[in-house]
Amino acid sequence: MREFIVWWLGIEAVGLAAFPLTYAFFGRLPDRGFAFCKVVGLLLLGYGLWAGAVAGLIPNSRGSVILILFLIVRFLRSGWRYMALVEAMFLVVLAAAVYIRSFAPDIVWGEKPFELAFLNAVNRSEFFPPGDPWLAGHSISYYYFGYVMVSALSKLVALGTEVTFYLSLSLMAALAWVAAFGLVYNMIEVSRRRGWVTAEGLSLAPRAVVFGFSSASGTSTAPTTAPPCPRTAANGIRPSTGGGGRPPAWAPRSTSRSSPSSASSSETCIRTSC
């Protein structure tokens, strides 16, 4: 619980520091870019740390992260109702994602060990490019900026990568939620010519909130409702459920028994094309 609170406070500090920049850049939008401030702040923090470490100007350390964060800070102001709504959604989605991930916290499947190795390599390197975790004396010949952003936030909140690895995955879900909400909210408000920059501040429009919430919900649930691979369906391959043995409703029904060659080609499809 302590790690979650520290992680949340860290990304909040990054977002608030970057909000004046989004306020100036997205000043014509109804929410002044508040829904995007965390994404922009994390990008700026990661890029600043990466550029400084690559040039050899600043080391890859917590002090450098705090220095870059102070360079981003500006004066903060906007409509508090909209800000409170976005922050509440962000906190709820982040907490829900962390809770769900807590049921499977092991970093032992898929590409997770490789990703953790890259994150540790970035986190331990004083300057960039980081060292290759599998080939001593060589640098990583792979894209690694995403790991720089996670490492920068990990250094800011002083948490180990074994904790922030899955916290960062939960963070991506929360960032995607508020960004999708902010995008649709601003599109609706701009189309209605409401919520432009005024002295009174930002108004919270119920219709835009409803559609923004629906868009954010679709963004979070769409990846889990993808249809099956066409070639596996054509070969009558039914997805395994691991539970009661009953496949989902969309699973194709096999009308004939597959031959060994077709089963082999189906397995290839599953491994390579889906």
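The values are calculated or read from the model by the stated rules, or taken from the named source; none is laboratory data. The shown structure was predicted, so the numbers you read here are calculated from the model rather than taken from an experiment. Here the Cβ is made from the backbone with ideal geometry for all residues, glycine too, and neighbour counts use every protein chain on show.
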With the requirement that a residue be closer than 17 Å to LEU167 by Cα, small (Gly, Ala, Ser) and without any contact (Cβ under 8 Å) to a residue 24 or more places away in the chain, what does region 83-122 give you?
ALA96, SER102, ALA104, ALA117
Within region 97-112, take every residue that is aromatic (Phe, Trp, Tyr) and assigned to a loop (DSSP other than H, G, I, E, B) and give me the one that is surrounded by the fewest Cβ atoms within 10 Å (Cβ to Cβ).
PHE103
Condition check: in a loop (DSSP other than H, G, I, E, B) and either among the aromatic types (Phe, Trp, Tyr) or at pLDDT 80 or above (or both). Does PRO30 satisfy that?
no
Could you identify the single residue in LEU153, LEU135 that is buried (at least 22 other Cβ atoms within 10 Å of the Cβ) and either at pLDDT below 90 or part of a helix (DSSP H, G or I) (or both)?
LEU153
Checking the conditions here, which among GLY79, GLY48 is within 20 Å of the chain's Cα centre (by Cα) and modelled with pLDDT under 85?
GLY48
